[in-house]
1. Counting only residues that are among the small types (Gly, Ala, Ser), in contact with a Cys (Cβ under 6 Å, 6 or more places away or on another chain) and open to solvent by less than 50 Å² (accessible area, probe 1.4 Å), give me the strands (runs of 3 or more DSSP E) lying completely in segment 4-88 with at least 1 of them.
2. Being under 28 Å from Ala74 (Cβ atoms) and either small (Gly, Ala, Ser) or more than 9 Å from the chain's Cα centre (by Cα) (or both) is the requirement here; does Lys36 meet it?
3. For residues in segment 51-86 being within 12 Å of the chain's Cα centre (by Cα) and of a type in the set (A, V, I, L, M), which is farthest from Gln8 (Cα to Cα)?
4. Checking Ala88 against (1) at pLDDT below 95; (2) touching a Pro at 6+ places or on another chain (Cβ under 7 Å): exactly one of these is not met. Which one?
5. Out of all the residues in segment 1-42, which are within 14 Å of Pro58 (Cα to Cα), among the β-branched types (Val, Ile, Thr) and free of Cβ contacts under 8 Å to residues at least 40 places away in the same chain?
6. Please determine, by comparing only the residues of segment 76-86 that are without any contact (Cβ under 8 Å) to a residue 40 or more places away in the chain and among the charged types (D, E, K, R), which one is nearest to Ser22 (Cα to Cα).
7. Between a first residue in segment 61-75 that is free of Cβ contacts under 8 Å to residues at least 40 places away in the same chain and a second residue that is basic (Lys, Arg), which pairs have beta carbons less than 8 Å apart while being 6 or more apart in sequence or on different chains?
Amino acid sequence: QLSKIMEQRTLLERLNPDKSSSMVEFGALVITDKQKIFISVGIGRLEFEGEEYFVISPVVPFCKAMEGKKKGDAFEFRGQPYTIKDIA
């Protein structure tokens, strides 16, 4: 478990808070028509300033379904359609 935590810490240290993303990638905040997703390490659901976010790893199937997409693009996951409204 310690090894896994250290690995996640190393990944989090790679995040650049000043970098803005234009596509779905590590470190991006992706806002879809259904939810807000931050791509970093698999933490799960959290609340920040009254907003609900899902913090997921770039290797999970949901992230793979939207990998490389840009603002305005649509994708499908488990039969559900999603539209990317914004990426930061």
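1. Details: elements: 29-32, 36-39, 44-48, 51-56, 74-77, 80-87.
By residue number, no strands (runs of 3 or more DSSP E) qualify.
2. no
3. Filtering first and then ranking leaves Ile84.
4. Ala88 satisfies all of (1) at pLDDT below 95; (2) touching a Pro at 6+ places or on another chain (Cβ under 7 Å) except (2).
5. Selection gives Ile37, Ile39, Val41.
6. Glu76
7. Phe75/Lys69
The values are calculated or read from the model by the stated rules, or taken from the named source; none is laboratory data. This one's a predicted model, so the numbers in the text were calculated from it and none came from an experiment. Cβ coordinates were reconstructed from backbone atoms using ideal geometry, including for glycine residues, and neighbour counts include every protein chain displayed. Heavy atoms of the whole protein, side chains included, go into the accessibility calculation; ligands, DNA and RNA do not. Shrake-Rupley method; radii C 1.70, N 1.55, O 1.52, S 1.80 Å.
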